[in-house]
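For reference, the structure is listed below as structure tokens.
What follows is calculated from the coordinates using simple rules that are stated; it is not laboratory data. None of these values were measured; they are calculated from a predicted model. Because the Cβ atoms are built from the backbone with ideal geometry, glycine has one as well, and the counts that use them run over all protein chains shown.
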Amino acid sequence: MAQKRMFDKAIVRTDKFLDMPATARDLYYNLGMEVDDEGFVGPRMVMKTLGSSEDDLKLLAAKGYIIPFETGVIVITDFNQNNYLDSNRIKPTRFKEEKAQLTLTNERSYVFNRCLTGVKPGEGRGEEGRREEERTKQVSPSLAREIPNQENTNTQKIIDYFSSRVAEEYGYKPEITGGRDYQLVRRVLKKYSIEDVQSMIDDFLARTDNTGGAKVGASLSYALSGVSINKWLAENRMLQ
């Protein structure tokens, strides 16, 4: 694995980056130093070493500097823009399942596969993309068009609901990361109804402190994380 890491001034010398607290910026730099040759790392050891808070990690995710996975692993979104490594010397990441969910944009940034437009069915999306393509082939053309349209409509309903609830509670509009957040909502909607997901959002916001780190905490990736969903499930079981 390469021992040197770089940071692009086009990323770390912007108002967006410099407006973050020093603790969040410090965490970004140190995560960038500890990632593997493809930009992946488990952040906990770095956070414990620095004394970083959960709010620092949430802010990096909310701003789009990292992409968190349900496994706890993160990837530096612009790792390949920061670092140009010799392909012959790259040691492949051990986080293969997480990497399979991503692809690179023309700007060499990581995004979730499904946020790309103009991509042929199954292209750049690994085994999941091929399975989805096969499912599409098994239905009529009209139904095949209707399924993604309905999926997109339901996803947008949740995105809009989250934005309106955060605005209502905290008085600002949250940042929505197109690839990560839309992918997350689609995945959750495959298991739960729209009403359930809205209830999860309400439950999360009710548990989020309305002072200090509230703006950091009101992140859709955390509102619908595995931890938040499990808390919602536990509370609903108690009410039954």
Protection-proxy order for peptides 5-13, 24-32, each taking the mean of Cβ atoms within 10 Å per residue, highest first: 24-32, 5-13
Whole-Hz ³J(HN,Hα) from phi, Karplus 6.51 cos²θ - 1.76 cosθ + 1.60, for region 98-108, glycine and proline x: 5, 4, 5, 7, 10, 8, 9, 7, 5, 8, 6
Sorted by Cβ density within 10 Å, fewest first, the residues S199, S87, S225: S87, S199, S225
Under the Karplus curve 6.51 cos²θ - 1.76 cosθ + 1.60, θ = phi - 60°, whole-Hz ³J(HN,Hα) for region 221-230, x wherever Gly or Pro sits: 5, 8, 4, 10, 6, x, 5, 5, 5, 5
Greater than 23 Å apart at Cα, pairs in K4/K63; K16/K173; K48/K191: K4/K63; K48/K191
Three-way shape call for region 9-99 based on the alpha-carbon gyration tensor, with the a/c threshold at 1.5: oblate
Which of I159, I90, I74 has the fewest Cβ neighbours within 10 Å, and the rest in rising order: I90, I159, I74
